[in-house]
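See below for the structure under consideration.
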Amino acid sequence: MSASDVLTLTPAGLYCPAGDFFVDPVRPVERALITHGHSDHARAGHGAVMATPETLAIMATRYGEDFTGTRQSAELGVIQTVGGVEVSFHPAGHVLGSAQISIIQAGFRVVVSGDYKRASDPTCLPFEPLRCHAFITEATFGLPVFRHPDAAGEVVRLLASQSLFPERTHIVGAYALGKAQRVMALLRQAGDDRPIHIHGALERLTDLYRSLGIDLGDVRRVVPAERKSLAGQIVLCPPGAIKDVWAQKFPDPMTVAASGWMRVRARARQSGVELPLIISDHADWDELCATVIETGCSELWVTHGEADALVYWATARGLDAQPLHMIGYGDEADDEPIDPPAAA
Ligand SMILES: [Zn+2]
Ligand SMILES: [Zn+2]
(Lines give C-alpha, C1' and ligand atoms only; values in the text may rest on other atoms or scores of the structure.)
(Ligands and ions follow the chains in the order given, each with its own letter.)
Protein backbone atom coordinates (compact mmCIF):
# COMPACT_ATOMS: atom_id res chain seq x y z
CA MET A 1 0.00 0.00 0.00
CA SER A 2 1.19 3.53 -0.71
CA ALA A 3 -0.02 7.11 -0.35
CA SER A 4 -1.38 7.07 -3.88
CA ASP A 5 -3.82 4.31 -2.89
CA VAL A 6 -5.32 6.72 -0.34
CA LEU A 7 -5.05 10.09 -2.08
CA THR A 8 -4.95 11.23 -5.68
CA LEU A 9 -4.11 14.66 -7.01
CA THR A 10 -6.92 16.25 -9.05
CA PRO A 11 -7.38 19.78 -10.40
CA ALA A 12 -9.52 20.56 -7.32
CA GLY A 13 -6.80 19.28 -4.96
CA LEU A 14 -6.07 16.12 -2.96
CA TYR A 15 -8.93 13.60 -3.25
CA CYS A 16 -9.54 10.49 -1.17
CA PRO A 17 -11.57 8.03 -3.32
CA ALA A 18 -12.33 5.56 -0.50
CA GLY A 19 -13.73 8.37 1.67
CA ASP A 20 -15.08 10.43 -1.25
CA PHE A 21 -13.74 13.74 0.07
CA PHE A 22 -11.16 16.39 -0.76
CA VAL A 23 -8.64 18.00 1.62
CA ASP A 24 -8.37 21.81 1.30
CA PRO A 25 -9.80 21.83 -2.25
CA VAL A 26 -9.18 24.93 -4.34
CA ARG A 27 -12.52 24.55 -6.17
CA PRO A 28 -16.02 23.95 -4.82
CA VAL A 29 -16.61 20.22 -4.17
CA GLU A 30 -19.28 18.01 -2.58
CA ARG A 31 -17.31 17.19 0.56
CA ALA A 32 -14.25 19.00 1.92
CA LEU A 33 -12.07 18.43 4.97
CA ILE A 34 -10.35 21.73 5.82
CA THR A 35 -7.07 22.04 7.72
CA HIS A 36 -7.34 25.74 8.63
CA GLY A 37 -9.00 29.05 7.86
CA HIS A 38 -6.50 30.77 5.55
CA SER A 39 -8.23 31.65 2.31
CA ASP A 40 -5.97 29.52 0.11
CA HIS A 41 -7.03 26.41 2.06
CA ALA A 42 -10.54 27.29 3.22
CA ARG A 43 -12.82 28.39 0.43
CA ALA A 44 -16.55 28.98 0.32
CA GLY A 45 -19.05 27.03 -1.75
CA HIS A 46 -18.54 23.37 -0.80
CA GLY A 47 -21.50 21.02 -0.31
CA ALA A 48 -20.21 19.88 3.09
CA VAL A 49 -17.28 20.93 5.27
CA MET A 50 -15.64 19.06 8.11
CA ALA A 51 -13.18 21.10 10.20
CA THR A 52 -12.36 21.99 13.79
CA PRO A 53 -14.97 24.18 15.54
CA GLU A 54 -12.54 27.14 15.39
CA THR A 55 -11.95 26.75 11.66
CA LEU A 56 -15.71 26.51 11.05
CA ALA A 57 -16.15 29.73 13.06
CA ILE A 58 -13.37 31.44 11.11
CA MET A 59 -14.93 30.42 7.78
CA ALA A 60 -18.34 31.69 8.90
CA THR A 61 -16.77 35.00 9.97
CA ARG A 62 -14.97 35.47 6.66
CA TYR A 63 -17.54 34.12 4.19
CA GLY A 64 -20.86 34.33 6.02
CA GLU A 65 -22.94 31.64 7.72
CA ASP A 66 -23.88 30.12 4.34
CA PHE A 67 -20.25 29.36 3.39
CA THR A 68 -21.15 25.67 2.97
CA GLY A 69 -24.21 23.45 2.59
CA THR A 70 -23.66 21.45 5.75
CA ARG A 71 -20.91 21.53 8.35
CA GLN A 72 -19.49 18.88 10.60
CA SER A 73 -17.37 19.67 13.61
CA ALA A 74 -14.15 17.70 14.11
CA GLU A 75 -13.06 17.48 17.73
CA LEU A 76 -9.30 17.07 18.02
CA GLY A 77 -8.13 13.48 18.33
CA VAL A 78 -11.55 11.93 17.76
CA ILE A 79 -11.70 9.31 14.99
CA GLN A 80 -14.66 9.58 12.62
CA THR A 81 -15.45 7.18 9.82
CA VAL A 82 -15.94 8.80 6.43
CA GLY A 83 -16.80 6.31 3.69
CA GLY A 84 -14.20 3.57 3.93
CA VAL A 85 -11.58 5.49 5.90
CA GLU A 86 -11.00 6.73 9.45
CA VAL A 87 -10.17 10.42 9.78
CA SER A 88 -9.04 12.47 12.76
CA PHE A 89 -7.84 16.03 13.28
CA HIS A 90 -4.73 16.96 15.32
CA PRO A 91 -3.15 20.35 16.19
CA ALA A 92 -0.87 21.88 13.55
CA GLY A 93 0.37 24.91 15.54
CA HIS A 94 -0.19 27.26 12.58
CA VAL A 95 -3.16 29.47 13.50
CA LEU A 96 -6.16 29.11 15.83
CA GLY A 97 -8.03 25.91 14.97
CA SER A 98 -5.41 24.69 12.50
CA ALA A 99 -5.20 20.91 12.21
CA GLN A 100 -3.37 18.12 10.50
CA ILE A 101 -5.72 15.55 9.04
CA SER A 102 -4.95 11.87 9.60
CA ILE A 103 -6.48 9.38 7.17
CA ILE A 104 -6.26 5.65 7.88
CA GLN A 105 -7.25 3.21 5.14
CA ALA A 106 -6.80 -0.50 5.82
CA GLY A 107 -4.19 0.24 8.48
CA PHE A 108 -2.15 2.56 6.24
CA ARG A 109 -1.88 6.06 7.69
CA VAL A 110 -1.48 9.24 5.68
CA VAL A 111 -1.19 12.60 7.47
CA VAL A 112 -1.95 15.82 5.59
CA SER A 113 -0.30 18.57 7.62
CA GLY A 114 -1.80 21.66 5.98
CA ASP A 115 0.41 24.58 7.05
CA TYR A 116 2.26 24.15 10.35
CA LYS A 117 5.00 25.37 12.63
CA ARG A 118 6.84 24.01 15.65
CA ALA A 119 7.63 27.30 17.42
CA SER A 120 5.37 28.18 20.34
CA ASP A 121 2.38 30.41 19.66
CA PRO A 122 0.20 31.67 22.52
CA THR A 123 -2.83 31.83 20.18
CA CYS A 124 -3.04 28.17 19.20
CA LEU A 125 -2.31 24.62 20.35
CA PRO A 126 1.17 23.26 19.62
CA PHE A 127 1.83 20.93 16.68
CA GLU A 128 1.37 17.29 17.62
CA PRO A 129 3.83 14.94 15.87
CA LEU A 130 2.02 11.89 14.47
CA ARG A 131 3.56 8.61 13.38
CA CYS A 132 2.48 7.77 9.85
CA HIS A 133 3.40 5.85 6.72
CA ALA A 134 3.05 8.84 4.42
CA PHE A 135 3.40 12.51 5.40
CA ILE A 136 2.12 15.33 3.23
CA THR A 137 3.90 18.55 4.05
CA GLU A 138 4.15 22.16 2.94
CA ALA A 139 7.59 23.67 2.29
CA THR A 140 6.93 27.43 2.32
CA PHE A 141 10.37 27.93 3.90
CA GLY A 142 11.94 24.74 2.62
CA LEU A 143 15.48 25.98 2.06
CA PRO A 144 18.39 25.73 4.53
CA VAL A 145 18.74 29.55 4.49
CA PHE A 146 15.41 29.85 6.27
CA ARG A 147 15.97 29.67 10.01
CA HIS A 148 13.39 31.62 11.97
CA PRO A 149 14.64 33.36 15.12
CA ASP A 150 12.64 33.26 18.36
CA ALA A 151 9.48 35.33 17.75
CA ALA A 152 9.55 36.67 21.33
CA GLY A 153 12.93 38.23 20.58
CA GLU A 154 11.55 39.89 17.46
CA VAL A 155 8.79 41.50 19.54
CA VAL A 156 11.43 42.76 21.98
CA ARG A 157 13.04 44.51 18.97
CA LEU A 158 9.69 46.18 18.23
CA LEU A 159 9.35 47.37 21.83
CA ALA A 160 12.96 48.62 21.80
CA SER A 161 12.28 50.66 18.66
CA GLN A 162 9.14 52.06 20.25
CA SER A 163 11.16 53.29 23.26
CA LEU A 164 13.89 54.68 21.01
CA PHE A 165 11.44 56.59 18.79
CA PRO A 166 8.64 57.64 21.15
CA GLU A 167 7.36 60.25 18.69
CA ARG A 168 6.84 57.79 15.83
CA THR A 169 3.77 55.60 15.33
CA HIS A 170 4.88 52.02 14.69
CA ILE A 171 2.67 50.68 11.89
CA VAL A 172 2.98 46.88 11.91
CA GLY A 173 1.82 44.95 8.84
CA ALA A 174 0.54 41.52 9.88
CA TYR A 175 -1.89 39.11 8.21
CA ALA A 176 -5.45 39.34 9.46
CA LEU A 177 -5.79 35.69 10.44
CA GLY A 178 -3.25 34.43 12.92
CA LYS A 179 -0.26 36.70 12.52
CA ALA A 180 -1.91 39.86 13.85
CA GLN A 181 -3.30 38.07 16.91
CA ARG A 182 0.00 36.30 17.53
CA VAL A 183 1.87 39.63 17.52
CA MET A 184 -0.65 41.03 20.02
CA ALA A 185 -0.30 37.97 22.27
CA LEU A 186 3.51 38.16 22.06
CA LEU A 187 3.38 41.82 23.08
CA ARG A 188 1.32 40.81 26.13
CA GLN A 189 3.76 37.99 26.94
CA ALA A 190 6.58 40.56 26.77
CA GLY A 191 4.80 42.49 29.52
CA ASP A 192 3.32 45.27 27.39
CA ASP A 193 -0.18 46.04 28.68
CA ARG A 194 -0.73 49.33 26.84
CA PRO A 195 -3.56 49.64 24.30
CA ILE A 196 -2.88 48.05 20.91
CA HIS A 197 -4.54 49.83 18.01
CA ILE A 198 -5.81 47.94 14.97
CA HIS A 199 -6.96 48.74 11.43
CA GLY A 200 -10.67 48.01 10.90
CA ALA A 201 -9.78 45.12 8.56
CA LEU A 202 -8.37 43.18 11.53
CA GLU A 203 -11.34 43.72 13.81
CA ARG A 204 -13.68 40.83 13.02
CA LEU A 205 -11.08 38.08 13.29
CA THR A 206 -9.51 39.67 16.36
CA ASP A 207 -12.94 39.78 18.00
CA LEU A 208 -13.46 36.14 17.04
CA TYR A 209 -10.15 35.11 18.64
CA ARG A 210 -11.19 36.91 21.81
CA SER A 211 -14.61 35.28 21.79
CA LEU A 212 -12.89 31.88 21.47
CA GLY A 213 -10.88 32.55 24.63
CA ILE A 214 -7.62 34.09 23.39
CA ASP A 215 -6.79 36.98 25.75
CA LEU A 216 -5.33 39.90 23.78
CA GLY A 217 -5.78 42.64 26.37
CA ASP A 218 -6.80 46.20 25.49
CA VAL A 219 -7.31 46.28 21.70
CA ARG A 220 -8.86 49.34 20.05
CA ARG A 221 -9.96 50.01 16.51
CA VAL A 222 -8.30 53.10 15.01
CA VAL A 223 -10.71 56.00 14.61
CA PRO A 224 -9.43 58.00 11.59
CA ALA A 225 -9.91 61.36 13.31
CA GLU A 226 -7.74 60.21 16.22
CA ARG A 227 -4.75 59.05 14.17
CA LYS A 228 -2.85 62.26 15.00
CA SER A 229 -2.92 61.39 18.69
CA LEU A 230 -1.21 58.01 18.28
CA ALA A 231 2.42 59.14 18.32
CA GLY A 232 4.59 56.41 19.85
CA GLN A 233 1.80 53.82 19.75
CA ILE A 234 1.73 50.41 18.07
CA VAL A 235 -0.83 50.07 15.30
CA LEU A 236 -1.48 46.76 13.52
CA CYS A 237 -2.84 46.64 9.98
CA PRO A 238 -2.95 44.28 6.98
CA PRO A 239 0.47 44.09 5.24
CA GLY A 240 -0.75 46.04 2.22
CA ALA A 241 -1.83 49.00 4.36
CA ILE A 242 1.62 49.97 5.68
CA LYS A 243 2.27 51.96 2.50
CA ASP A 244 -1.30 53.29 2.11
CA VAL A 245 -2.40 56.88 2.54
CA TRP A 246 -4.13 55.49 5.64
CA ALA A 247 -0.73 54.86 7.26
CA GLN A 248 0.77 58.18 6.19
CA LYS A 249 -1.66 60.09 8.39
CA PHE A 250 -0.16 58.85 11.64
CA PRO A 251 2.61 60.93 13.26
CA ASP A 252 5.95 60.16 11.53
CA PRO A 253 4.96 56.54 10.73
CA MET A 254 7.61 53.80 11.07
CA THR A 255 6.83 50.89 8.75
CA VAL A 256 7.18 47.48 10.37
CA ALA A 257 6.30 44.05 8.95
CA ALA A 258 5.93 40.71 10.74
CA SER A 259 6.62 37.90 8.27
CA GLY A 260 8.93 34.96 7.70
CA TRP A 261 9.89 36.64 4.42
CA MET A 262 11.56 39.44 6.37
CA ARG A 263 14.56 37.06 6.57
CA VAL A 264 15.14 38.10 2.95
CA ARG A 265 16.56 41.60 3.30
CA ALA A 266 15.99 42.51 -0.33
CA ARG A 267 12.32 41.72 0.08
CA ALA A 268 12.05 43.92 3.17
CA ARG A 269 13.75 46.77 1.30
CA GLN A 270 11.54 46.38 -1.77
CA SER A 271 8.47 46.49 0.43
CA GLY A 272 9.67 49.73 2.00
CA VAL A 273 9.80 48.14 5.46
CA GLU A 274 11.98 50.04 7.94
CA LEU A 275 11.81 47.49 10.75
CA PRO A 276 11.52 43.89 9.49
CA LEU A 277 10.41 41.37 12.14
CA ILE A 278 11.00 37.73 11.25
CA ILE A 279 7.84 36.19 12.66
CA SER A 280 6.57 33.20 10.72
CA ASP A 281 3.62 30.87 11.17
CA HIS A 282 5.34 28.27 8.99
CA ALA A 283 8.03 25.74 9.87
CA ASP A 284 11.58 26.75 8.97
CA TRP A 285 14.05 24.35 7.33
CA ASP A 286 15.15 22.70 10.58
CA GLU A 287 11.56 22.26 11.74
CA LEU A 288 10.53 20.73 8.41
CA CYS A 289 13.36 18.19 8.52
CA ALA A 290 12.87 17.37 12.21
CA THR A 291 9.14 16.89 11.66
CA VAL A 292 9.59 14.53 8.72
CA ILE A 293 11.97 12.42 10.83
CA GLU A 294 9.59 12.40 13.81
CA THR A 295 6.69 11.09 11.73
CA GLY A 296 8.76 8.03 10.83
CA CYS A 297 7.20 8.17 7.37
CA SER A 298 8.63 6.31 4.41
CA GLU A 299 6.77 8.43 1.85
CA LEU A 300 6.80 12.22 1.64
CA TRP A 301 4.70 14.42 -0.62
CA VAL A 302 5.38 18.16 -0.70
CA THR A 303 2.34 20.26 -1.57
CA HIS A 304 3.72 23.77 -2.07
CA GLY A 305 6.59 26.12 -1.37
CA GLU A 306 10.28 25.31 -1.87
CA ALA A 307 9.65 21.64 -2.54
CA ASP A 308 12.80 20.65 -4.39
CA ALA A 309 15.32 21.04 -1.58
CA LEU A 310 13.15 19.10 0.87
CA VAL A 311 12.50 16.33 -1.67
CA TYR A 312 16.25 16.12 -2.33
CA TRP A 313 17.00 15.96 1.39
CA ALA A 314 14.34 13.29 1.99
CA THR A 315 15.42 11.18 -0.97
CA ALA A 316 19.01 11.23 0.32
CA ARG A 317 17.64 9.79 3.59
CA GLY A 318 16.03 6.92 1.72
CA LEU A 319 12.47 8.24 1.68
CA ASP A 320 10.23 7.98 -1.33
CA ALA A 321 9.64 11.73 -1.83
CA GLN A 322 7.95 13.80 -4.49
CA PRO A 323 6.87 17.38 -5.10
CA LEU A 324 3.19 17.85 -6.01
CA HIS A 325 3.56 21.43 -7.32
CA MET A 326 0.01 22.18 -6.26
CA ILE A 327 -1.45 25.35 -7.68
CA GLY A 328 -3.48 27.66 -5.47
CA TYR A 329 -1.71 27.43 -2.12
CA GLY A 330 0.48 30.07 -0.54
CA ASP A 331 -0.43 32.79 -3.01
CA GLU A 332 -3.50 34.27 -1.36
CA ALA A 333 -3.24 37.70 0.19
CA ASP A 334 -3.94 36.17 3.56
CA ASP A 335 -1.11 33.73 3.82
CA GLU A 336 2.50 34.36 4.55
CA PRO A 337 4.09 36.17 1.55
CA ILE A 338 4.21 39.93 1.85
CA ASP A 339 4.62 39.94 -1.93
CA PRO A 340 3.97 36.71 -3.85
CA PRO A 341 7.31 34.86 -4.25
CA ALA A 342 8.76 35.82 -7.63
CA ALA A 343 8.98 32.51 -9.44
CA ALA A 344 7.87 29.98 -6.83
ZN1 LIG B 1 -1.98 28.94 6.28
ZN1 LIG C 1 -1.07 27.94 2.99
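Just a few scattered comments:
- The solvent-accessible area of residue 58, taken with every protein chain present and a 1.4 Å probe, is close to 0 Å².
- Protein accessible area in the chain, 1.4 Å probe - carbon and sulfur %: 53 percent
- Spatial offset of the stretch 26-91 relative to the stretch 202-230 amounts to 27 Å, using the alpha carbon center of each.
- For the chain, the residue among 301, 222, 61 whose Cα projects farthest onto the positive side of the dipole built from Cβ charges is 222.
- Ranking by accessible area, most exposed first, for 298, 2 with a 1.4 Å probe: 298, 2
- Shape call, the stretch 45-101: gyration tensor on alpha carbons, a/c limit 1.5: oblate
- DSSP-assigned coil residues among trypsin sites (Lys or Arg not before Pro) in the stretch 235-296, each with at most 16 further Cβ atoms within 10 Å: 249
- Fully extending the segment from residue 215 to residue 157 would add 18.7 nm, taking 0.36 nm per residue of separation and subtracting the current Cα-Cα distance.
- Taking the C-alpha atoms of the stretch 187-344, convex hull volume expressed per residue in Å³: 153 Å³
- For the chain, calculated [θ]222 nm from helices alone, where every DSSP H run of n ≥ 4 adds -39500 (n - 2.57): -6500 deg cm²/dmol
- Three-way shape label, the stretch 190-234, alpha-carbon gyration tensor, a/c 1.5: oblate
- Prolate/oblate/rounded call for the chain, Cα gyration tensor, a/c under 1.5 rounded: prolate
- Based on protein heavy atoms only, the chain ends up with 39 Å² per residue of surface accessible to a 1.4 Å probe.
- Reciprocal mean inverse distance between Cα atoms of the stretch 96-161 - Kirkwood radius, Å: 14.3 Å
- Surface accessible to a 1.4 Å probe, residue 29 within the full protein complex, Å²: 20 Å²
- Binned Cα-Cα distances of the stretch 72-188, short to long, each 10 Å bin given as a whole percent: 12, 34, 28, 16, 7, 3, 0
- With R₀ fixed at 56 Å, the C-beta to C-beta distance from residue 20 to residue 225 puts the FRET efficiency at about 0.55.
- Fluctuation leader among 322, 270, 72 - the chain, Gaussian network, Cα springs under 10 angstrom: 270
- Sites excluded, GluC sites (Glu not before Pro) in DSSP loops with at most 12 other C-beta within 10 Å, longest stretch of the chain: 168-344
- The chain: most fluctuating residue of 231, 185, 74 per GNM, C-alpha cutoff 10 Å: 231
- Taking all protein chains together and a 1.4 Å probe, the residues 281, 5, 193 rank 193, 5, 281 from largest to smallest accessible area.
The values are calculated or read from the model by the stated rules, or taken from the named source; none is laboratory data. Keep in mind the model is a prediction, meaning the values are calculated, not measured. Counting neighbours? That spans all protein chains shown, and the Cβs are built from the backbone with ideal geometry, glycine included. Accessible surface is based on the protein model in full, side chains and every heavy atom, while ligands, DNA and RNA are left aside. Shrake-Rupley method; radii C 1.70, N 1.55, O 1.52, S 1.80 Å.
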